[in-house]
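To start, the structure under review is shown below, and the notes come after it.
The values are calculated or read from the model by the stated rules, or taken from the named source; none is laboratory data. Keep in mind the model is a prediction, meaning the values are calculated, not measured. Backbone-built Cβ (ideal geometry, glycine too); neighbour counts: all protein chains shown.
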């Protein structure tokens, strides 16, 4: 058992237990904290895979921005107003379906050759190669993504801007 | 490493369109409040110019661009022309509605333009990530447009629902894509097809991935059982945006689905033979449930939403015979989409004209319209008759073409169900027509305050004329579409 595997297993264990904590925890603030730790563990997995850029981005965007937004949303709303899961009469069906999807996914991954054929060596994907492939091979989707961001910005301004009146 | 990067000129229409959208956003800063319709008119003139630019730069060319990520061919050319035209008509029919009902009027037109850009790139993608990002560009524009009348709680609700369903379906699509990528190691359609068509290939992860991708697309198209967002979103959205969703976005999602089926599934014959059955089942459930629920609707927009679900089912049954016939089915699908667009515009533009400055939303509120506004009610009636597939109108010819190519492909029973579904649809369309022509209105002169301006007249008269002309004399259009059927040969 090499060192990589040990570190990976530890991080995965933390990740899975935190992810469970997000779902199981009754206190929504605890859920948000568990989510933060789960997202940080994902960054850890990226580090194990030697993709340090993805790890940093994961920390900044998910660990930073997204969790902060969730906490803000929690702060600005009142706890009593949250509907409970039990209020939705369909929750047993949703639960059964989720378990079925989980079983299907696990079974197909164990049946598949994906895991057996996976390469055992990790080739580092540095920032440099990522950058060059983004700006050469993937230039068109990359440029399109900038337009998606523009639309998101304009949309946010249009929706949130305070206008006088309205009908 | 980069193949074909020297022919970026083939992307001229996309560059021009992106530039036009930015120009429109800039023009919005200069043009003073109260004259914002000029922003839309700039967009219309630009789009008309773009039609010529597109025709002069990419017509008749078949060439992969940029690493084979995009393919400029006749299929994408035809659909680009359709999307640009849909954009022009949508902007023209929006003008009065936007002026009366919406704030931030200038940005509305820019977002419509960027949505066209998303559709244009979507139809020429040969690679899933490019397709995904252009689909997101389209969806983001639509999320904002659906929530555009922000003082209307229904519009807010529709936007929230649309965003949640839209991101959920995108997530499913991406998840499926990641599974396929983990097996194939590439996101190009051709590479995936090559792996899938290896005989005896049955990797469960890849199969599950393909399933998830298809579920994602089915959500976007509103195929039953992934249709539940459609009625609420169509009802809450501002009505020109509803038209844009039901026509532009639907054609785009459908063109994308056809591309994926042709590019990824058809080469893998074993896979396709089982997926065909799934598509047939989905098509039947979509036709039955869409048309069945439409009967009991009392609101016009919800009725049209369910009817558009029914039309998705008919289109899906065209996809079932891919591979069983020569290219004729693709040609008739293209014809169906154009005919559906023209006809729907006749209905939606007249309904926009009737409802833009009041709260009419029930079918029975249209009572007496034929006496007061004969041309508007004629436009709705012609459109509905055509959607139901009555002869003389384009709706009959498109259905005739599509159903006969479905039966040539050996799926006569599927065509039979589609014909029955059309019969059912005639019933609920007739309810609407009866309301306009026969029913006595509750109050006199209920529609007296409707004023229709020239951009709307252009749209209405043009759609009526096209609905009739394309039904009687479809040759020029069909000849154009003839070439896209090469994809299936």
Exercise. Evaluate the range B:423-442: report whether one residue or more is touching a residue at least 12 places away in the same chain (Cβ under 8 Å), outside any helix (DSSP H, G or I) and within 26 Å of the chain's Cα centre (by Cα).
Key: no
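Conditions tested, residue by residue: (1) over 28 Å from residue B:95 (Cα atoms); (2) in a loop (DSSP other than H, G, I, E, B); (3) away from every other protein chain (no Cβ under 14 Å).
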| site | (1), (2), (3) |
| --- | --- |
| B:20 | no, no, no |
| B:32 | no, yes, yes |
| B:44 | no, no, yes |
| B:53 | no, no, yes |
Self-check item: Test: residue in the range B:141-161 that is more than 8 Å from chain A (Cβ to nearest Cβ), under 15 Å from the mean Cα position of the chain (by Cα), in a helix (DSSP H, G or I) and farther than 28 Å from residue A:162 by Cα
Solution: no
Practice problem: Identify the residue in the range A:114-128 that is free of Cβ contacts under 8 Å to residues at least 12 places away in the same chain and either buried (at least 16 other Cβ atoms within 10 Å of the Cβ) or assigned to a helix (DSSP H, G or I) (or both) and, among all such residues, is nearest to the other protein chains (Cβ to nearest Cβ). | Solution: A:114
Quiz item: Which condition number in (1) at pLDDT 80 or above; (2) more than 10 Å from chain B (Cβ to nearest Cβ) is the one that residue A:85 fails?
Solution: (1)
Quiz prompt | Candidates A:145, A:32, A:94 - the one that is over 14 Å from the mean Cα position of the chain (by Cα), part of a helix (DSSP H, G or I), under 27 Å from residue A:16 (Cα atoms) and modelled with pLDDT of 85 or more | solution = A:94
Exercise. Pick out, from the range B:339-421, the helices (runs of 4 or more DSSP H) lying fully within it that include 1 or more residues that are closer than 19 Å to residue B:246 by Cα and touching a residue at least 40 places away in the same chain (Cβ under 8 Å).
Key: B:374-388, B:394-408
Quiz item: What single numbered condition from (1) crowded, with 24+ Cβ neighbours inside 10 Å; (2) touching a helix residue (DSSP H, G or I) at 6+ places or on another chain (Cβ under 6 Å) fails to hold for residue B:304?
Solution: (2)
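Mind checking which residues of the range B:77-104 are within 14 Å of chain A (Cβ to nearest Cβ) and either surrounded by fewer than 24 Cβ atoms within 10 Å (Cβ to Cβ) or closer than 22 Å to residue B:124 by Cα (or both)?
Our first condition is that a residue be within 14 Å of chain A (Cβ to nearest Cβ); within the range B:77-104, this holds for B:97-104.
B:97, B:99, B:100, B:101, B:103, B:104 - these are the residues of the range B:77-104 that are within 14 Å of chain A (Cβ to nearest Cβ) and either surrounded by fewer than 24 Cβ atoms within 10 Å (Cβ to Cβ) or closer than 22 Å to residue B:124 by Cα (or both).
Take residue A:131 and decide whether it is at pLDDT below 90, assigned to a helix (DSSP H, G or I) and not assigned by TED's automatic domain parsing to the domain that holds residue A:8. Talk me through it step by step, then tell me what you get.
On the way: at pLDDT below 90: yes; assigned to a helix (DSSP H, G or I): yes; not assigned by TED's automatic domain parsing to the domain that holds residue A:8: yes.
When the stated conditions are applied, residue A:131 passes them.
Per-residue answers, yes or no, for (1) in contact with a helix residue (DSSP H, G or I) (Cβ under 9 Å, 6 or more places away or on another chain); (2) over 25 Å from residue B:140 (Cα atoms); (3) within 9 Å of chain B (Cβ to nearest Cβ):
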position	(1), (2), (3)
A:64	no, no, no
A:137	no, no, yes
A:140	yes, no, yes
A:148	yes, no, yes
A:155	yes, no, yes
Quiz prompt | residue A:110 within 11 Å of another protein chain (Cβ to nearest Cβ), assigned to a helix (DSSP H, G or I) and modelled with pLDDT under 90 | solution = yes
Practice problem: Would you check which residues across the range A:1-29 are touching a helix residue (DSSP H, G or I) at 6+ places or on another chain (Cβ under 7 Å), in a helix (DSSP H, G or I) and under 22 Å from residue A:73 (Cβ atoms) and list them? | Solution: A:18, A:19, A:21, A:22, A:28, A:29
Exercise. Within the range B:113-129, work out how many residues are buried (at least 24 other Cβ atoms within 10 Å of the Cβ), in a helix (DSSP H, G or I) and at the interface with chain A (Cβ under 9 Å from one of its Cβ atoms).
Key: 5
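Checking the structure you have, find out if any residue of the range B:57-65 is more than 30 Å from residue B:97 (Cα to Cα), in contact (Cβ under 8 Å) with a residue 60 or more places away in the chain and within 14 Å of chain A (Cβ to nearest Cβ).
Step one: of the range B:57-65, the residues more than 30 Å from residue B:97 (Cα to Cα) are B:57-65.
Narrowing further to those that are in contact (Cβ under 8 Å) with a residue 60 or more places away in the chain: B:64-65.
Subset that is within 14 Å of chain A (Cβ to nearest Cβ): B:64-65.
Yes, the range B:57-65 contains at least one residue that is more than 30 Å from residue B:97 (Cα to Cα), in contact (Cβ under 8 Å) with a residue 60 or more places away in the chain and within 14 Å of chain A (Cβ to nearest Cβ).
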